[in-house]
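Asker: Below is one structure. I have some questions about it.
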Amino acid sequence: MANRINRDQVQHVASLAKLEFTDAQLDAFTPQLDDIIGLFETLSEVDTDGVEATSSVSDQLNVMREDVADNWGQSQALLKNAPDAARGFVKVPAIIDESEDN
Amino acid sequence: MNYFKQDLASLHADLVAKKYSAKELTQATFDNIKATDPKIDAFLALNEDAALDQAAKIDAAGIQDDQPLAGIPVAIKDNIVTKDLTTTAASKILANFKPVYDATVSTKLTNAQMVTIGKTNLDEFAMGGSTETSAFKQTKNAWDQTKVPGGSSGGSAAAVASGQVVAALGTDTGGSIRQPAAFNGVVGMKPTYGRVSRWGLIAFGSSLDQIGPLTRGVKDNATVLSAIAGHDDHDLTSSTQAVPSFASDLTDAASVKGLRIGLPKEFLGEGVDEDVKNAILAAADTYRQLGATVDEVSLPHNKYGVAAYYIIASSEASSNLQRYDGIRYGYRAQDVQNLEDVYVKSRSEGFGDEVKRRIMLGTFSLSAGFYDAYFLKAAKVRTVIINDFKAVLKDHDFIMGPVAPTPAFDLGAEIKDPITMYMNDILTIPVNLAGLPGLSLPAGFSKNLPVGMQLIGRPFDESTLYKAGYVFEQNTDFHLQVPTLGGQN
């Protein structure tokens, strides 16, 4: 393996992406990601000196519009999709970890 | 109902003449889907009650001559939101999601009085080229049920190819309309970036995603595109360019005489199957005989498209998919101690492996210390690829080539090998990077499997592609061949 990315780096990227992997998954993912990053590195063969980056191919630039609310007043309908709700609010577990004393 | 012998125009004529009602047509469509879908598995959900109600209302109001789509069933890929109809993007994380609004394309189809028959299967979040990353079911190729239907719009392509519907919507970020259309022997259009509003499309790669139609024939495709295209205040990347009546030029007078066509040598290079290559060379001869010029041209940076795409699309996906956090909608993991746990466990349990792979690649490419080397480099290579297309399209009306290097491959053959799977998109991805329109249409067979041809045009010139596709159809019979499936044809 060319080792463009190692297991620790994969762990780090996973934490940035709010994902977690088991050891077996890390074993499988690390060489796969390494191979794909190897494919990415073929781009270094392309001379891009002085070339502008493209971030959009839209023919619409800086489109302005009035900030008008429409399709509103649907909180009840929206809450039907919430995994947990109470009294018109989305309910979530405690933000502060109660599983350990700090 | 035998959709192999019908198109939009003939169905419309029958409905106007009251040979059958919209409700009868809708019921016949459901009956046929129920008979054939156990073999094909194209649909994730059927919209039975609402569709029959809608059809009955259309019948009550009457179908007029100037309503060419009224009362005709259509299928919608399940990453396009449909009000009150479960929309999953084929992901466990959205398994029970019921949208509270319709995507603009869905509203437009409803305004044209098309009847939404159901939601079709796809690769999870449209990430894949075989529909095998769906969390729910494996769609099969309409021609051979041991083969993949392609992806990610595999359900829409298989549904049209197997005669379940005459038209379906798909989405295309790197080839996801064109490649399954090619694998199933149907017509698929990836419109110019900005031609169709993406409001209500579950976002994957926002600088690349487009919605487009899959149909059996070119004219039907053109008719549906005119119905869904146009500016939308809800999608500020949607163009204000006027939308032509794309089908109106598709008559006996349509001709390719005098057109200049570019055939990039890179499109017939290494890795392209011999039968695919021969089908495209034969199509080039057909165009020459019809009075067009076909020149060998070059897109020298085409081979870098896949690498650039997987950086850009994955980066955009890693950002777009941050919204799936288990809070407001979608899957939430149980057994959690705190908010961080909700995020991490919901995402880790809710997403499948391919989606996680893309999120990881994107997060890596955007992360501190790697952004310049990966994301920014890819965005610059994108410019180089765009310039290649500009140079060829400056003096060519369109570009022709294969859609995919091979016909449909075996189920299970490539799913364990991401790079092999990614390389299937080498001929479609550059078109998304450049935001150009791309039409996929039947152009031959290889061992009883369809081979697709791709026509690539200038921005907002879908008209030329449809015209060239229509003329090709008039002079070949590939589009008339249909799969054998359950004896219904």
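Asker: Report the one residue of B:Thr139, B:Ile177, B:Gly217 whose Cα lies farthest in the direction of the positive end of the charge dipole of segment B:92-230 (charges on C-beta: Lys and Arg +1, Asp and Glu -1; origin at the Cα centre).
Answerer: B:Gly217
Asker: Moving to a separate point now. Would you mind computing, in nm to one decimal, how far apart the modelled labels at B:Val16 and A:Trp72 are, each placed 7 Å from Cα along Cα→Cβ?
Answerer: In this crude label model, B:Val16 to A:Trp72 measures out at 4.5 nm.
Asker: Let me check the size of segment B:292-353 from its C-alpha atoms; what are the radius of gyration and Dmax in Å?
Answerer: Reported Rg and Dmax, both Å: 20.2, 68.
Asker: What longest range of chain B stays clear of loop-exposed trypsin sites (Lys or Arg not before Pro) (DSSP non-H/G/I/E/B, at most 12 other C-beta within 10 angstrom)?
Answerer: The segment B:20-256 is the longest one with no such site.
Asker: Taking only DSSP H segments of four or more residues, each worth -39500 (n - 2.57), what value at 222 nm results for chain A once the sum is divided by all its residues, to the nearest 500 deg cm²/dmol?
Answerer: Helix contribution divided over all residues of chain A: -10000 deg cm²/dmol.
Asker: Under a straight-distance cross-link criterion of Cα-Cα below 14 Å, which aspartates and glutamates are reachable from B:Lys390, leaving out those fewer than 8 residues away in the same chain?
Answerer: Output for B:Lys390: B:Asp461.
Asker: Can you give the helix-only mean residue ellipticity at 222 nm for chain B, where every DSSP H stretch with n ≥ 4 adds -39500 (n - 2.57) and the sum goes over all residues, rounded to the nearest 500 deg cm²/dmol?
Answerer: Result for chain B: -11000 deg cm²/dmol, rounded to the nearest 500.
Asker: For segment B:315-338, which residues drop by 50 square angstrom or more in accessible area between the chain on its own and all protein chains together (1.4 Å probe)?
Answerer: Checking the loss per residue gives B:Arg332, B:Gln337, B:Asn338.
Asker: Can you give me the distance in nm between label points at A:Glu52 and A:Ala24, each placed 7 Å from the Cα along the Cα-to-Cβ direction?
Answerer: 5.1 nm
Asker: I'd like the GluC sites (Glu not before Pro) in segment A:21-63 restricted to DSSP loop residues with at most 15 other Cβ atoms within 10 Å, sorted by number.
Answerer: Of the GluC sites (Glu not before Pro), the ones in loops of segment A:21-63 whose Cβ has at most 15 other Cβ atoms within 10 Å are A:Glu52.
Asker: Accessible area per residue of chain B at 1.4 Å probe, in Å²?
Answerer: That works out to 32 Å² per residue.
Asker: Another question, if that's okay. Suppose the Debye formula is applied to equal point scatterers at every Cα of segment B:31-128; what is log10 I(q)/I(0) at q = 0.13, 0.14, 0.19, 0.24 Å⁻¹?
Answerer: -0.48, -0.55, -0.95, -1.29
Asker: So what is the relative contact order for segment B:196-291, in percent, with contacts set as C-alpha pairs under 8 Å and at least six apart?
Answerer: 24 percent
Asker: Any chance you could check the Cα centroid distance between segment B:95-116 and segment B:453-468 for me, in angstrom?
Answerer: Measuring centre to centre over Cα atoms gives 27 Å.
Asker: Mind checking the per residue accessible area of chain A for me, 1.4 Å probe, whole number of Å²?
Answerer: 71 Å²
Asker: If you project the alpha carbons of chain B onto their three principal axes, what span does each projection cover, largest first, in Å?
Answerer: Dimensions of chain B along the principal axes of its Cα atoms: 65, 55, 44 Å.
Asker: Below 8 Å, C-alpha to C-alpha, sequence gap of six or more: please give me the relative contact order for chain B in percent.
Answerer: Relative CO of chain B lands at 18 percent.
Asker: Also, I was wondering about something else. Give the carbon-plus-sulfur fraction of the accessible surface of segment B:119-216 in %, rounded to a whole number; probe 1.4 Å, heavy atoms of protein chains only.
Answerer: Taking all protein chains in place, segment B:119-216 shows 52 percent carbon and sulfur surface.
Asker: Treating only the Cα positions of segment B:411-466 as identical point scatterers, give the base-10 log of I(q)/I(0) from the Debye formula at each q in 0.15 Å⁻¹.
Answerer: -0.59
Asker: If you don't mind, another one. Report, to two decimal places, the Cα Rg of chain A normalised by 2.2 N^0.38 Å (N = number of residues).
Answerer: For chain A, the normalised Cα radius of gyration is 1.80.
Asker: Which entries in B:Lys257/B:Lys394; B:Lys137/B:Lys416; B:Lys137/B:Lys265 show an alpha-carbon gap greater than 27 Å?
Answerer: Going by Cα-Cα distance, B:Lys137/B:Lys265 fall outside the 27 Å limit.
Asker: While we're looking at this one, here's another question. Choose one of A:Phe21, B:Gly154, B:Ile415: the residue whose Cα lies farthest towards the positive end of the charge dipole of the protein assembly as shown (beta-carbon charges +1 Lys, Arg; -1 Asp, Glu; about the Cα centre).
Answerer: So the residue furthest toward the plus end is B:Gly154.
Asker: Which percent of Cα pairs goes in each bin when the distances of segment B:163-263 are cut into 5 angstrom slices starting at zero?
Answerer: Histogramming segment B:163-263 at 5 Å steps yields 2, 13, 20, 21, 20, 15, 6, 2, 0 percent.
Asker: Over chain A, what relative contact order in percent results from Cα pairs under 8 Å that are six or more residues apart?
Answerer: So the answer I get is 17 percent.
Asker: Nearest 100 Å² is fine: how much accessible area is buried between A and B, summed over both sides, with a 1.4 Å probe?
Answerer: Buried area (both sides, nearest 100 Å²): 5300 Å².
Asker: Turning to a different aspect of this structure: Could you tell me which chymotrypsin sites (Phe, Trp or Tyr not before Pro) in segment A:18-102 are loop residues by DSSP with no more than 13 other beta carbons within 10 angstrom of their beta carbon?
Answerer: A:Trp72
Asker: Once R0 is set to 25 Å, what does the formula 1/(1 + (r/R0)^6) return for the Cβ-Cβ distance between B:Asn278 and B:Ala413, expressed as a FRET efficiency to the nearest 0.05?
Answerer: 0.65
Asker: Further question on the same structure: What Kirkwood hydrodynamic radius do you get for segment B:345-424 when you take the inverse of the mean 1/r over all pairs of distinct Cα atoms, in Å?
Answerer: 16.2 Å
Asker: Along its principal axes, what span do the Cα atoms of segment B:222-346 show, with the longest given first and each in whole Å?
Answerer: Over segment B:222-346, Cα extents along the principal axes are 71, 39, 23 Å.
Asker: Over the Cα atoms of segment B:387-489, each weighted equally, I'd like the Debye log10 I(q)/I(0) at q = 0.11, 0.13, 0.19, 0.21 Å⁻¹, rounded to two decimals.
Answerer: -0.43, -0.59, -1.04, -1.14
Asker: Quick check for me: using +1 on Lys/Arg Cβ and -1 on Asp/Glu Cβ, what's the dipole size of segment B:320-422 about its Cα centre, in debye to the nearest 20?
Answerer: Roughly 360 debye, rounded to the nearest 20.
Asker: Rolling a 1.4 angstrom probe over the protein chains, ignoring ligands and nucleic acids, what is the accessible area of A:His12 in square angstrom, nearest 10?
Answerer: 110 Å²
Asker: Could you name the aspartates and glutamates whose alpha carbon sits less than 12 Å from that of B:Lys345, not counting residues in the same chain fewer than 8 places away?
Answerer: Filter leaves A:Glu20, B:Asp325, B:Asp335.
Asker: Taking 20 °C and 1.002 mPa s as the conditions, I'd like the Stokes-Einstein D for the protein assembly as shown in µm²/s, using the Kirkwood hydrodynamic radius from alpha carbon pairs.
Answerer: The calculation lands on 88 µm²/s.
The values are calculated or read from the model by the stated rules, or taken from the named source; none is laboratory data. Fair warning: this is a prediction, and the values are worked out from it, not measured in the lab. Neighbour counts run over all protein chains shown; Cβ positions are idealised from the backbone, glycine included. Protein only, heavy atoms only, side chains kept; ligands, DNA and RNA dropped before computing areas. Shrake-Rupley method; radii C 1.70, N 1.55, O 1.52, S 1.80 Å.
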